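The values are calculated or read from the model by the stated rules, or taken from the named source; none is laboratory data. Keep in mind that this is a model prediction, so the values were computed, not measured. A quick note on method: Cβ atoms are made from the backbone with ideal geometry, for glycine too, and the neighbour counts reach across all protein chains shown.
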Amino acid sequence: METVILEKVAEDYSKRKEALSHRIVICAGTGCIANGAMEVHAALAEIIKEKDIPLTLSLKEETHESERDPLLLSKSGCQGFCQVGPLVTIEPENILYIKVKPENARDIVEKTILKGEVIDELLYKDPSNGEACRNHEEIPFYTRQSRTVLKPCGIIDPEDISEYIQIGGYASAENIVCEKTPREVCDLMKEAGLRGRGGGGFMTGRKWELALKQDSDAKYIICNGDEGDPGAFMDRSVMEGNPHSILEGMIIAAKACGGTEGLVYVRMEYPLAVARINKAIKEARKNNFLGENIFASDFSFDIHVMEGAGAFVCGEASAMTESIMGRRGMPRVKPPRTAEKGLWGKPTVVNNVETLACVPLIFSNGVENYKNSGTAGSPGTKTFALTGHVANTGLIEVPFGTTLREIIFNIGGGVLNAKGVIDNSDFKAVQIGGPSGGCLTEEQLDIPLDFDSLKSVGAMVGSGGLVVMNKSTCMVQIARFFMKFTQSESCGKCVPCREGTRQILELIDDITMGKGTEESLELLKDLCVTVQETSLCGLGKSAPSPVLSSIEQFEEEWIAHVTDKNCPTGNCKELVTYSIVEDACKGCTACARVCPVGAISGKVKEVHIIDEEKCIRCGACVEKCRFDAISVGGKV
């Protein structure tokens, strides 16, 4: 097989790109697709053809038959700002349109493409000053980030290998395969200090080195794409938006430890990621970047895709290898570690998606450049999925050491109160690290986000989920939500996790229903510690973390549930009481008219009464009342 010359591919692609009159890039990550991005793509293609504008959907082949330069209509991966999608970028004018609908296609073509006009109503408006932002470089959500791993996801077409090569793709892999020894690669990675982005933060170079030391006829490289945390979509976005970066990272890892075969383990709930990775592998093989004697060297390495059924526990390395071998996904006792004895009993390196995507950047930009961002103990950047009660939700990337205050109030645009209005004083907490992480409050907003600092306050980076909560959130219910998730995801192998998480959940259920006592709260804390200390794998050991951190940070709220039988936020229905505030009630009868069970009575212009025996605590009256005349849980 003839090896592709990377410089020539990049040069030829650049020439074809320069010949374009315009390029329209549509965000085609899962979020924007769900909001209608492909319908926008189809509408634009239809209008462009109607206007007889030379159109191409790919630059892989020569398409310059017309005397006029063609327009390229392409797709990108997730651009991060999911809340305002679908996103459409017009080049070379560098215009970004948000919340684009199919009916906007005609204006985009007729006004922007043909006349060079900007459509103001499609521009992002900065809520802080109302000014329109013309492109990514003017939107605070983007300008306050340091997008390195995520940057190509919003620019290149993930289904065109030429675009990845044109930005320097596969150059690092070629250099390492052809010029470096495994020991040199491991040493460089240890010097860079890259730590695993899947949550554990283990040193990547040390993991590779451990596998290198093993004497074996076969060694495996596994990309862990089994992202299962609630609200997390970092790995999915990288797999969808820049799959070749993952393949290149796996090639480099294989060279470092003598890997003979690679597998991308991705959950089947990510069909778009699966499709794009499979296509990337096919293109890489075609160009001799995978397979026999890659890059015309004596090194052979190939990659395949394995779809998982979506078990959260299979994100743990040993459970993942069991699943790949066709067995039930259950973790095993260590040592030996997976890098020593993993898939089919052979040394196996398991790296997270984001970790592997960082690898080519480290070697292409230099180790020192990589270490210039982040902190001494946690160099580089980290992606986070920012969700919850925050103005700007989406996928972000910041250097390690960035504070929660910067992320929530600046990048995130501030906290939304119960009425959907930005009110930073309504901030209550942020859950970091998903079901394995912890709850942080206002006192921890200025703690630098890195592996060691978060560990010191009982939290963890985890895979990168950030859920912001306002004061309307019941912390007992949040703890219950995460415990219910981990309890249902327990593989059941060890008793502490299988039975302990079930009993923890039952105790929390009792508390939310008014059956809890001070003794049951103490029992809950003791049980959480027992499960942490005696469970077999990371799932069980970290499952009680959200509960313990919630009790530690919001003990008064838990005590109110237990001793006063009252949910201060009014979210636990069994503990909620509704009553009329006499001084505020105007007798408008609005509450009585919406009550589905007739629990509210009273005459017009007279104070109404709520029959607690009939009340089903649905909250319809509270939503309808315009005078804040209904007291919930003892608080107006």
* To do: Could you tell me whether any residue of region 131-146 is more than 28 Å from the chain's Cα centre (by Cα), surrounded by fewer than 21 Cβ atoms within 10 Å (Cβ to Cβ) and either of a type in the set (Lys, Arg) or over 20 Å from residue 35 (Cβ atoms) (or both)?
  => yes
* Among 30, 3, which is the only one that is modelled with pLDDT under 95, over 18 Å from residue 164 (Cβ atoms) and not charged (D, E, K, R)? -> 30
* To do: Of the conditions (1) more than 19 Å from residue 521 (Cβ to Cβ); (2) surrounded by fewer than 16 Cβ atoms within 10 Å (Cβ to Cβ); (3) free of Cβ contacts under 8 Å to residues at least 24 places away in the same chain; (4) not β-branched (Val, Ile, Thr), residue 541 clears all except one; give me its number.
  => (2)
* Given the structure, is residue 418 outside the structural domain of residue 205 (by TED's automatic domain parsing) and surrounded by fewer than 17 Cβ atoms within 10 Å (Cβ to Cβ)? -> yes
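Name the residues in region 156-179 that are surrounded by fewer than 18 Cβ atoms within 10 Å (Cβ to Cβ) and either outside the structural domain of residue 289 (by TED's automatic domain parsing) or at negative phi (or both), would you? Talk me through it step by step, then tell me what you get.
Step one: filter region 156-179 for residues surrounded by fewer than 18 Cβ atoms within 10 Å (Cβ to Cβ), giving 167-168, 171, 175, 178-179.
Scanning region 156-179 gives 167, 171, 175, 178, 179.
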* Options 402, 387: the member that is surrounded by 24 or more Cβ atoms within 10 Å (Cβ to Cβ), touching a residue at least 24 places away in the same chain (Cβ under 8 Å), outside the structural domain of residue 485 (by TED's automatic domain parsing) and among the β-branched types (Val, Ile, Thr) -> 402
* Sole residue being charged (D, E, K, R) and surrounded by 17 or more Cβ atoms within 10 Å (Cβ to Cβ), chosen from 499, 489, 518 -> 489
* Where a residue in region 328-339 is touching a residue at least 24 places away in the same chain (Cβ under 8 Å) and its partner, wherever it lies, is β-branched (Val, Ile, Thr) and surrounded by 17 or more Cβ atoms within 10 Å (Cβ to Cβ), with Cβ under 7 Å and at least six apart -> 329/313; 331/313; 339/348; 339/349
* To do: Looking only at region 287-302, decide whether some residue is at pLDDT below 95 and over 24 Å from residue 255 (Cβ atoms).
  => no
* Leading residue by the ranking (farthest from residue 174 (Cα to Cα)) among those in region 1-27 that are touching a residue at least 40 places away in the same chain (Cβ under 8 Å) and assigned to a loop (DSSP other than H, G, I, E, B) -> 21
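Of 354, 397, which residue is within 15 Å of the chain's Cα centre (by Cα) and not assigned by TED's automatic domain parsing to the domain that holds residue 426? Break it down into steps so the answer makes sense when it comes.
On the way: 397 fails: not assigned by TED's automatic domain parsing to the domain that holds residue 426.
When all the criteria are applied, what remains is 354.
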* When you go through 515, 484 one by one, which is the residue that is of a type in the set (D, E, K, R) and not in a helix (DSSP H, G or I)? -> 515
* Select from region 284-330 the residues that are part of a loop (DSSP other than H, G, I, E, B) and within 24 Å of the chain's Cα centre (by Cα) and list them in ascending order. => 309, 310, 311, 316, 329
* Identify all residues within region 209-253 that are of a type in the set (Gly, Ala, Ser), in contact with a strand residue (DSSP E or B) (Cβ under 9 Å, 6 or more places away or on another chain) and within 28 Å of residue 76 (Cα to Cα); write none if there are none. => 225, 228, 231, 232, 237, 241, 249, 253
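Does region 286-304 hold any residues that are of a type in the set (Val, Ile, Thr) and more than 21 Å from residue 196 (Cα to Cα), and which are they?
The answer is 294, and nothing else.
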* Of residues in region 289-301 being surrounded by fewer than 17 Cβ atoms within 10 Å (Cβ to Cβ) and not polar (S, T, N, Q), the one nearest to residue 538 (Cα to Cα) -> 291
* Name the pairs whose Cβ atoms lie under 9 Å apart, with the first residue in region 265-291 and in contact (Cβ under 8 Å) with a residue 24 or more places away in the chain, the second surrounded by fewer than 16 Cβ atoms within 10 Å (Cβ to Cβ) and assigned to a helix (DSSP H, G or I), and 6 or more positions between them or separate chains? -> 288/296
* To do: From the list 117, 93, pick out the single residue that is part of a loop (DSSP other than H, G, I, E, B) and in contact with a helix residue (DSSP H, G or I) (Cβ under 6 Å, 6 or more places away or on another chain).
  => 117
* Structure fact -> The number of residues in region 452-480 that are without any contact (Cβ under 8 Å) to a residue 60 or more places away in the chain, surrounded by fewer than 19 Cβ atoms within 10 Å (Cβ to Cβ) and not small (Gly, Ala, Ser) is 2
* Which of the residues belonging to region 84-101 are closer than 15 Å to residue 141 by Cα and either touching a residue at least 40 places away in the same chain (Cβ under 8 Å) or of a type in the set (Gly, Ala, Ser) (or both)? -> 84, 85, 87, 96
* Structure fact -> In region 312-367, residues that are crowded, with 24+ Cβ neighbours inside 10 Å and among the aromatic types (Phe, Trp, Tyr) total 1
* Give just the number: which of (1) surrounded by fewer than 16 Cβ atoms within 10 Å (Cβ to Cβ); (2) over 30 Å from residue 505 (Cβ atoms); (3) not basic (Lys, Arg) does residue 589 not satisfy? => (1)
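Going by the structure shown, is residue 539 at pLDDT 95 or above, under 27 Å from residue 480 (Cβ atoms), in a helix (DSSP H, G or I) and assigned by TED's automatic domain parsing to the domain that holds residue 490?
On the way: at pLDDT 95 or above: no; under 27 Å from residue 480 (Cβ atoms): yes; in a helix (DSSP H, G or I): yes; assigned by TED's automatic domain parsing to the domain that holds residue 490: yes.
Spelling it out, it is not the case that residue 539 is at pLDDT 95 or above, under 27 Å from residue 480 (Cβ atoms), in a helix (DSSP H, G or I) and assigned by TED's automatic domain parsing to the domain that holds residue 490.
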* For residues that are under 30 Å from residue 9 (Cα atoms) and outside any helix (DSSP H, G or I), tally how many sit in region 28-51. => 2
* Which of (1) closer than 22 Å to residue 391 by Cβ; (2) at pLDDT 95 or above does residue 118 not meet, given it meets every other one? -> (1)
* Take the residues in region 388-402 that are assigned to a strand (DSSP E or B) and touching a helix residue (DSSP H, G or I) at 6+ places or on another chain (Cβ under 9 Å), then tell me which one is nearest to residue 420 (Cα to Cα). => 390
* May I ask you to list the residues in region 592-615 that are within 43 Å of the chain's Cα centre (by Cα) and either surrounded by 17 or more Cβ atoms within 10 Å (Cβ to Cβ) or touching a residue at least 40 places away in the same chain (Cβ under 8 Å) (or both)? => 595, 615
